[in-house]
């Protein structure tokens with residue numbers, strides 16, 4: 001079993017890592033006419049779309065039905081079983097936390113009996129893993145996200161960051177806050193010198209583990225945990241260095257903002273530059289799931305280095321590089337656009353995992369469109385059409401061949417996408433370029 005296949009699997013176990021809530025969808029950067037002399041082409045086919053009240057009712061019903069199916073799968077120990085990996089059970093913690101995160105997104109609370117059982121399971125499981133030195137980066141990251149979303153006060157669904165002051169701590173109970181600090185400190189302790197993370201017991205480092213470590217650290221820090229800012233700098237610099245460099249030029253689509261308006265495309269110097277799993281796009285396939293991961297890593301690090309006050313080492317020049325890298329990542333997604341599979345064709349499956357990554361990247365960067373595509377509308381239509389009569393979603397596959405299909409994972413990812421569960425960071429504006437050079 002290769003490291004890439006193992007990582008692909010672990011992706012799934014904690015891919016629910018996101019901050020749950022129902023934030024309003026951030027708008028794209030205001031449309032501006034092309035600069036004088038810049039080529040503009042009305043070739044984009046974007047139209048002004050909205051989720052109609054009728055469609056929203058269908059989405060809400062799909063989420064409720066999926067959540068009801070998930071609750072029925074809970075075992076007597078409070079968990080949700082395991083993932084079959086190479087014929088053996090694995091990732092009980094990551095799977096339970098993923099399902100829990102989806103149920104929180106669907107509206108379940110800490111007072112629900114099944115949620116109390118799930119927390120008890122997670123606590124016992126983590127104590128066992130910690131004592132046996134078998135904690136994983138993925139499982140720990142998603143556990144932090146689950147706990148912070150379950151216990152945090154929720155005064156407003158659109159807040160990008162609730163705990164603006166450390167003493168607020170998201171309103172977490174003291175024992176939960178202490179547990180989260182211990183989990184976050186462990187993640188910090190296993191970060192590698194190159195700035196990224198691995199399993200942590202199996203080398204080398206990879207973008208997938210790195211994303212989930214940072215998702216967990218972001219949630220912990222936003223709820224008052226101590227996380228050294230230097231850790232975010234290291235991860236950000238490595239992510240910038242490992243982005244694809246030779247992507248083709250892609251015209252930037254300016255979508256319509258009002259009914260009746262037309263979109264147009266402008267040469268703004270954007271190039272389709274994505275990310276691969278272990279940070280070597282010259283030898284490894286660049287995929288949609290890893291490109292959304294690269295965008296998420298940059299957005300999380302940028303957010304941490306700007307709030308609540310700007311970190312001294314985060315310069316204007318570095319911020320410009322981040323803005324350009326994020327825009328080029330979205331250009332890759334535009335050029336390779338798909339919601340019916342993880343692009344490109346031939347990439348590891350991870351279909352619904354990719355959809356949830358797409359939701360996360362768009363929420364973090366503040367994008368309603370990817371090129372001419374309303375990512376949420378297109379993805380929601382697909383998921384509504386693919387839901388099973390009993391409420392679950394089932395792709396019949398996860399990714400790597402060693403991993404048995406998991407309807408639990410597929411259903412959790414679908415709910416998290418439909419709910420737009422990711423709590424946004426500060427929007428990352430697209431670079432303003434007046435020439436195509």
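Where a number appears in this text, it was derived from the coordinates with a stated rule and is not lab data. Small disclaimer: the values here were computed from a predicted structure and weren't measured. Cβ sites come from the backbone with ideal geometry, for glycine too, and all protein chains shown count toward neighbours.
Per the Kirkwood definition applied to all pairs of different Cα atoms, how many angstroms is the hydrodynamic radius of the range 84-153?
Numbers: mean 1/r = 0.0801 Å⁻¹.
Computed over the range 84-153, the radius equals 12.5 Å.
Cα centroids of the range 227-264 and the range 386-437: how far apart, whole angstrom?
Centre-to-centre (Cα) distance: 18 Å.
Could you work out how much longer the chain between residue 283 and residue 310 gets when fully extended? Use 0.36 nm per residue separation minus the Cα distance between them, nm to one decimal. All intermediate terms of the calculation are to be shown ahead of the outcome.
Values: separation 27, 0.36 × 27 = 9.72 nm, distance 3.64 nm.
Taking residue 283 through residue 310 to full extension adds about 6.1 nm, to one decimal.
Express in nm, to one decimal, how much length is gained between residue 345 and residue 131 on full extension, taking 0.36 nm for each residue of separation and deducting their alpha carbon distance. Show your work: numbers first, answer last.
Details: separation 214, 0.36 × 214 = 77.04 nm, distance 4.21 nm.
Between residue 345 and residue 131, full extension yields 72.8 nm more.
Which order do the peptides 133-139, 119-125, 235-241, 311-317 come out in when sorted by mean C-beta neighbours inside 10 angstrom, highest first? Don't jump to the answer; show the numbers that get you there.
Working: 133-139: 22.4, 119-125: 17.9, 235-241: 20.3, 311-317: 11.6.
Ranked by mean Cβ neighbours within 10 Å, highest first: 133-139, 235-241, 119-125, 311-317.
Separation of the range 76-148 and the range 300-368 by C-alpha centroid, Å?
So the two Cα centres are separated by 27 Å.
Can you pull the Rg over Rh of the range 219-337, Cα-only, Kirkwood? All intermediate terms of the calculation are to be shown ahead of the outcome.
Values: Rg = 16.1 Å, Rh = 15.5 Å.
Looking at the range 219-337, the ratio lands at 1.03.
Take every Cα pair under 8 Å in the range 126-280 that's 6+ residues apart, average their separations, divide by the length, and report that relative contact order as a whole percent. It would help to have the intermediate numbers written out before the result.
Details: 210 pairs, mean separation 37.5, N = 155.
Reported relative contact order: 24 percent.
Using 0.36 nm per residue of separation minus the Cα-Cα distance, give me the extension gain between residue 386 and residue 182 in nm, one decimal.
Details: separation 204, 0.36 × 204 = 73.44 nm, distance 3.99 nm.
Gain in length upon complete extension: 69.5 nm.
Along each principal axis of its Cα atoms, how long is the range 244-309 end to end? Whole angstroms, biggest number first, please.
44, 38, 20 Å, listed from the longest principal axis down.
For the range 384-437, state what percent of all Cα-Cα pairs lands in each successive 5 Å bin, counting from 0 Å until the bin that includes the largest distance.
The distribution over the range 384-437 is 4, 15, 17, 14, 11, 9, 9, 8, 7, 5, 1, given as percents.
Set the Förster radius R0 to 22 Å, insert the Cβ-Cβ distance between residue 318 and residue 245 as r into 1/(1 + (r/R0)^6), and round the FRET efficiency to 0.05.
Working: r = 18 Å, r/R0 = 0.80.
The calculated FRET efficiency here is 0.80.
With label points built 7 Å along Cα→Cβ from the Cα atoms of residue 123 and residue 261, find their separation and express it in nm.
Label at residue 123, label at residue 261, 5.1 nm between them.
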